[in-house]
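Here's the structure we're looking at; comments come further down.
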Amino acid sequence: MYIVNVHISVKPGCVEQFRQATIENALQSIEEPGVARFDVLQQEDQPERFLLVEAYRSVDDAAKHKETAHYLRWRDAVAGMMAEPRASVKYANVFPRDDLW
């Protein structure tokens with residue numbers, strides 16, 4: 001498994017529009033065979049802050065995701081909504097082990 005946490009800060013007037021665009025992207029992302037999980041989290045005390053938790057079956061699957069039409073559409077739609085550039089942190093799965101799934 002290859003996990004990417006994407007930290008996003010959205011401009012205050014764009015929160016709902018960003019949220020809807022991101023949910024649409026997530027709904028299509030979970031249909032990809034290489035996507036094991038795609039969570040969209042919104043911070044309770046700062047609703048303009050989001051965390052995307054993306055779990056891919058491989059590094060290649062993460063790269064394939066960034067080539068999909070729905071990702072490219074989302075990326076372009078939300079670009080102007082960002083209060084700052086989004087930041088990602090990549091993780092390798094330690095437990096549960098892939099061979100247990």
Open item on the list: I'd like the full set of residues that are part of a helix (DSSP H, G or I) and either hydrophobic (A, V, I, L, M, F, W, C) or crowded, with 16+ Cβ neighbours inside 10 Å (or both), limited to region 7-18.
Closed with: 14, 15, 18
- [ ] Check 55, 83 and return the single one that is within 14 Å of the chain's Cα centre (by Cα) and among the small types (Gly, Ala, Ser).
- [x] 55
Task: Options 6, 15, 35: the member that is farther than 15 Å from residue 61 by Cβ and touching a helix residue (DSSP H, G or I) at 6+ places or on another chain (Cβ under 9 Å) - done: 15
- [ ] Tell me, please, whether a residue that is assigned to a helix (DSSP H, G or I), out of contact with any Pro (no Cβ under 8 Å at 6 or more places or on another chain) and either of a type in the set (A, V, I, L, M) or within 17 Å of residue 88 (Cα to Cα) (or both) can be found in region 40-59.
- [x] yes
Task: Close pairs from region 27-54: first closer than 20 Å to residue 67 by Cβ and touching a residue at least 40 places away in the same chain (Cβ under 8 Å), partner outside any loop (DSSP other than H, G, I, E, B) and among the aromatic types (Phe, Trp, Tyr), Cβ under 8 Å, at least 6 apart - done: 29/38; 29/71; 52/38; 54/38
Open item on the list: Give me the residue from region 45-90 that is among the hydroxyl-bearing types (Ser, Thr, Tyr) and at pLDDT 95 or above and, out of that set, surrounded by the fewest Cβ atoms within 10 Å (Cβ to Cβ).
Closed with: 88
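The values are calculated or read from the model by the stated rules, or taken from the named source; none is laboratory data. On a predicted model such as this, the values are computed, not experimentally measured, just so you know. Ideal geometry is used to build each Cβ from the backbone, glycine not excepted, and the neighbour counts take in all protein chains shown.
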